[in-house]
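Reading through the C-alpha cells given below for one structure.
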C-alpha cells in the first residue's frame, strides 16, 4: 500500500493504473476507520483493480467547530486498517493540499440538502458534495462506495453524479451494526459507558416504526408518535428529528409505497443518526 | 466530423480517442458560431488530437426568457462552420439529454459570481459553472478553450477548475474584434444598422480608459468618469456598468498594478459586454 499525501502523486498513480487498464474503486472517508468502512473497503477490494481509500476530515462540512476538533484522527491506525484489507492507495491529503485557498466554489443541491439533517446542520451537505466532487476529480474512480447509514448524503451524491454527469458508478453498502443494533459510527467512541448502553434505543425505535408500517399503518404521524414514545423511555437520548420519507427523500404524510425512516438524536454532546428502509405491508 | 446528440455515444467516442492516446480539446459554445469561436476552434484543432465542439443553448444560465428565446439557433450553419475547420466531433445535445430532470445540483462561486455582470444577471454564472462542469464530466477534455471576451466567465471557470480539481487545462483566447473594434458576439446580429454603427463606442470608451491608466492615472473613479463621458456621447448606448478590477476581479479604487476594465452596455434590447487589460504606466 502506498500512502499518498500529494494530489500530483495521486494523479500519477491513477494514470499508471489506467495504463494497466485497471478499474479504480474509491472509498471516501474521514478516517477513524471502523468495520462500517471495512465493509466498503472489502467491496472496493473485491470489485476493482485499484482500491483507493481517501482519508480527509473535511473542514467545510462541519457546522460546529467543536465537532470538527473532536473528530477522531489516527492516521497510523487507519493506515494499518487499510493495509490489512489490501488497499492499494491511501490518499490522506493535508488541509493545505485540498484547500490551498479558502473554498470559493461549491457544489450545492439546494432542495435535498435543506431537509432532514440539513435543516439542523446548515452548510453540511454543501461541504460534503463539494469535497466529494473534488475527490472524484482527483481520483477519477470508476466506482465509489458509500454507506447507507448516511442515507441523505448518499442520495445527495447520487443526485450530484446524475445532475453533473460524473462518470462514476455509486455503490451503496448496507449499514453495519453492533450486536445490539447500534449503527457503527466513529462518533460512538465519544459515548460514555452509560451513554453507550442507552444508544441502541435509536435503532429500536426505528425498528418499531418499521414494524408498524409492515403491519399496515399508513399514517406517518402515528408512526412518528410511536418512535418518539420508544425514545422518550430512554432519558439519555434527545430526539432531534424522526421523519418518514419517500424515495426522493421528501417527507410523506400518507405512506403509499416503501419508505425510509430517518432519525437523528443527541446523547450528551454526541449526535447520532440512523435510518431504516420500511417496506409497506398489507393492512 | 461526427454530429453527436447523445451522451452515451459521446462517451464512446471519447473512450475510443483515449485508447488511441489522443489528447482531447473542447470548445464549449452556445452555437451561432462566428469568427470568435473560430479562433477557439483553430487553437483546439492545432493543439489536440480530438477536437470537440459542444453546442448547447443552456437554459439555466439565462436570466431573461426573451434572451433565451431570441438566442440564435442554426445547427446546419454551425455544423458546416465546424466541418470546414476540421472539428472531429460536434456535440449538440437536446435540452432533455442535458436536463432529463430539472437541474437540482449546481456549481456556484458565490463571491466572484455576484459581482460585475453577476449583479445584473442573477443566477447567470451559477448556470454557466453548472453546465461547464457537466460538459467537462461528459467530454473529459485535457484542454478547454474559452474566449477572453467573457472575462468574468473565464475567471469563474478557472476558479472552478482549481477549487474542484477538474483535470482540465483552461486556455484563454484573445477577443476577436471587427475592424471598428466591436467585440465579435452572436448578439451583434440583433443590432439594427444604426445600432451597429453606435456599438463600437463601447470598445472606444474602454480604449480611452486604458490610455489614461497607461499615462499614469491611478484613480479608478476618474477613469470610470472618462469611460462614462465617451459613452454619453453615443445616445443609442446605455451603460450598465463600467468597473476597474484587479486580477481577482475585485473592483479597485486605487490602481496599483495591471487591471482589467470591464463594461456592459445596452443598445436597445441587446446587451453587449467587453473588457480590456490595462497595464499600468509610469506617472
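We did not get these values from a lab; they are worked out from the coordinates using the rules stated. Model, not experiment: these values are computed from the prediction. Positions of Cβ are generated from backbone atoms using ideal geometry, with glycine treated the same way; all protein chains shown enter the neighbour counts.
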Viscosity 0.890 mPa s, temperature 25 °C: give me the Stokes-Einstein translational D for the protein assembly as shown in µm²/s, with Rh taken as the Kirkwood radius over C-alpha pairs. 93 µm²/s
What is region B:44-187's relative contact order, in percent, from Cα pairs under 8 angstrom and six or more apart in sequence? 23 percent
What ratio of Cα Rg to 2.2 N^0.38 Å holds for region A:129-175? 1.04
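Convex hull over the alpha-carbon atoms of region A:2-173: what's its volume per residue in Å³?
Looking at region A:2-173, the number lands at 110 Å³ per residue.
Looking only at other chains, what is the average number of their beta-carbon atoms within 10 angstrom of each beta-carbon in B:156-165?
Mean number of neighbouring Cβ atoms from other chains: 5.
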Could you tell me the center-to-center distance, by alpha carbons, between region B:97-165 and region A:205-283 in angstrom? 39 Å
Among DSSP bridges having both ends in the protein assembly as shown, what percentage is antiparallel? Round to the nearest 5. 55 percent
Tilt relative to chain B, helix B:35-47 - C-alpha long axis, 0 to 90 degrees, to 10: 50 degrees
If eta is 1.567 mPa s and T is 4 °C, what Stokes-Einstein diffusion coefficient results for region A:152-229, Kirkwood Rh from Cα pairs, in µm²/s? 85 µm²/s
Name the most mobile residue of A:29, A:105, A:270, meaning the one with the largest mean-square fluctuation, in a Gaussian network model of chain A with Cα contacts below 10 Å. A:105
Using alpha carbons only, how many degrees (0 to 90, rounded to 10) separate the axis of helix A:220-232 from the longest principal axis of chain A? 80 degrees
Volume per residue, Å³, of the convex hull around the alpha-carbon atoms of region A:243-283? 81 Å³
Relative to the compact-globule estimate 2.2 N^0.38 Å (N residues), the Cα gyration radius of region B:30-81 stands at a ratio of 1.30
Using a 10 Å cut-off on Cβ to Cβ distances, tally the other chain neighbours for every residue of A:92-105 and report the average as a whole number. 3
With one decimal in nm and the nearest listed first, the spacings from residue B:122 to its own position in the other copies, using label points 7 Å along Cα-to-Cβ, are 1.9
Rounded to the nearest 500, what is chain A's calculated 222 nm mean residue ellipticity when only DSSP H runs of at least 4 contribute -39500 (n - 2.57) each, over all residues? -12000 deg cm²/dmol
Within 10 Å of each Cβ of A:137-146, how many other protein chain Cβ atoms are there on average? 2
For chain A, built as a Gaussian network whose Cα springs stay under 10 Å, the top-fluctuating residue of A:21, A:134, A:224: A:21
Round to the nearest 10 and give me the degree value, 0 to 90, for the angle of helix B:7-19's Cα axis relative to the longest principal axis of chain B. 80 degrees
Rounded to the nearest 5, what % of the DSSP beta bridges within chain A are antiparallel ones? 50 percent
The relative contact order of region A:134-259, taking Cα pairs under 8 Å that sit 6 or more residues apart, comes to a percentage of 17 percent
Name the residue, out of B:151, B:46, B:198, whose mean-square fluctuation peaks in a Gaussian network model built on chain B with Cα pairs under 10 Å. B:46
For region B:186-278, what size does the Cα cloud have along each of its three principal axes, sorted from largest down, in whole Å? 40, 25, 16
